[in-house]
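Here is the structure we will look at.
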Amino acid sequence: MSYITVDKENSGTIDLYYEDHGTGKPVVLIHGWPLSSKSWEKQVSVLLDSGYRVIVYDRRGFGNSAKPTYGYDYDTLAEDLHKLMTELDLADATLVGFSMGGGEVARYLGTYGSERVERAVFISAIPPFLLKTSDNPEGIEGSVFDGFMESIAADRPAFLSGFLSDFYNVDTFGGVRVSDEVVRLSWNVAAAASPRGTLDCVSAWLTDFRNDLASIDVPVLVIHGDADRIVPFAISGRRTHELIEGSRLVVIEGGPHGITWTHAEIVNREVLDFLEQQVQPVAGPPA
């Protein structure tokens, strides 16, 4: 097992678990909440077979990574990604962020730029800004997120069961595109995550990524299901596409949040097509 130390809490180190496989141009897969790098099962082998170097890692607090009591804000999470990219000395990399992982992609590019990054992919991702405010009237009421946090604090395992049902739209795809065993596996992974990290990440979802997206100067692919019950397409994927000049948008009809599993054949095809396209210059923000 491979780890990189990104920080320290009291007498212990904060270590991120990662896997680094294959050769070729690197593709870094950044998982969603409340899962781990295991959620990329249907993508890793396809990318490896297509000649890419694939790096997956577990966000702090999740999977096999350390479970500190702090650092669940996007500035820190992007810094963790930056330390991994630097330690592995990655160049011409593609960052692929699913759900919460899309926030790391946005904040990384907004903070550290594209020196090491050739292109980016947002899948069911939370940018640009989920919270309803006076200058973001299309967002979600803050009371919804308050309810999430109250439910997690009261009975995290029970909350996860309901969340994962909506994650995969089990009432629609159960037994067809997602098995009971996959949902159970997801629950097991989520239940093993840090209770503190699981709760604190909800606050991070309210981060405003609009300036980060405006600064992106690499080609971008946005993939989103139009039946996403967790991160609704109209306030996320559609708007991310609109804010990133020249980005490509793929809408999966009827797709739930967890399209990396339920519609893996479409996601994989679109990602591979995007990776194989010749990189064209993208106009950056005005000087």
- request: Give the range 7-30 a look and list any residue that's polar (S, T, N, Q) and either in contact with a strand residue (DSSP E or B) (Cβ under 7 Å, 6 or more places away or on another chain) or buried (at least 16 other Cβ atoms within 10 Å of the Cβ) (or both), or say none.
  value: T13, T23
query: So which residues in the range 48-75 are within 18 Å of G12 (Cα to Cα), in contact with a Phe, Trp or Tyr (Cβ under 8 Å, 6 or more places away or on another chain) and either among the aliphatic types (A, V, I, L, M) or outside any loop (DSSP other than H, G, I, E, B) (or both)?
result: none
message: What are the pairs with Cβ atoms under 9 angstrom where one residue, in the range 4-17, is of a type in the set (F, W, Y) and the other, located anywhere, is not in a strand (DSSP E or B)? Sequence gap at least six, or different chains.
response: Y17/M1; Y17/S36; Y17/S37; Y17/D58; Y17/G63; Y17/N64; Y17/S65; Y17/A66
- line: Here the residues within the range 133-145 that are surrounded by 16 or more Cβ atoms within 10 Å (Cβ to Cβ), more than 19 Å from R196 (Cβ to Cβ) and within 21 Å of the chain's Cα centre (by Cα) are G139, I140
So W33, is it assigned to a helix (DSSP H, G or I) and buried (at least 20 other Cβ atoms within 10 Å of the Cβ): no
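Conditions (1) surrounded by 16 or more Cβ atoms within 10 Å (Cβ to Cβ); (2) assigned to a loop (DSSP other than H, G, I, E, B); (3) modelled with pLDDT of 95 or more, marked per residue:
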site	(1), (2), (3)
G147	no, no, yes
E150	no, no, yes
A154	no, no, yes
D166	no, no, yes
R184	no, no, yes
A190	yes, no, yes
A193	yes, yes, yes
I216	yes, yes, yes
task: Scan S2, S50 and give me the residue that is at negative phi, buried (at least 16 other Cβ atoms within 10 Å of the Cβ) and of a type in the set (S, T, N, Q).
output: S50
message: I'm trying to understand the selection: among the residues of the range 218-232, which are among the aliphatic types (A, V, I, L, M), out of contact with any Asp or Glu (no Cβ under 8 Å at 6 or more places or on another chain) and outside any loop (DSSP other than H, G, I, E, B)?
response: V220, V222
task: Look through the range 233-248, keep the residues that are free of Cβ contacts under 8 Å to residues at least 60 places away in the same chain, outside any helix (DSSP H, G or I) and touching a strand residue (DSSP E or B) at 6+ places or on another chain (Cβ under 8 Å), and return whichever of them is surrounded by the most Cβ atoms within 10 Å (Cβ to Cβ).
output: I244
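The values are calculated or read from the model by the stated rules, or taken from the named source; none is laboratory data. Computed from a prediction, not measured in an experiment: that's the story for all the values here. Every residue, glycine among them, receives a Cβ derived from its backbone with ideal geometry; neighbour counts consider all protein chains shown.
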